[in-house]
Amino acid sequence: MAPALEKYAHGPLVALWRRPGLTPRDRNMVTIAALIARNQMIAMPYHFNLALDNGVKPREISEIITHLAFYSGWANAMAAVAVAKDVFA
């Protein structure tokens, strides 16, 4: 649908995730936090699954969601809970 966007998603974004400053696990936790804070529901399932694949435990994702309820809003956290419930099932 958008070849140029696809090109960027597989170029600079891949390089970003391979930078040595953070582990993939740490990048997943930061990304999950940003998605919750911005209520980016469409991207959450992919990144929750990626986080699980990179060693983030379901209880850690749950704790991130709970922590962010007080910083990014209750509604954003509850939306993330709904996504996590589906991913964890």
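The values are calculated or read from the model by the stated rules, or taken from the named source; none is laboratory data. Since this is a predicted model, take the numbers as computed values, not measurements. Positions of Cβ are backbone-derived with ideal geometry, glycine not excepted, and every protein chain shown enters the neighbour counts.
Below is a table of values for the structure above.
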| item | result |
| --- | --- |
| Qualifying position, being surrounded by 13 or more Cβ atoms within 10 Å (Cβ to Cβ), within 16 Å of Val87 (Cα to Cα) and in contact (Cβ under 8 Å) with a residue 40 or more places away in the chain, among Ile61, Ile36, Ile65 | Ile36 |
| Asn39 vs. criteria modelled with pLDDT of 95 or more, polar (S, T, N, Q) and assigned to a loop (DSSP other than H, G, I, E, B) | yes |
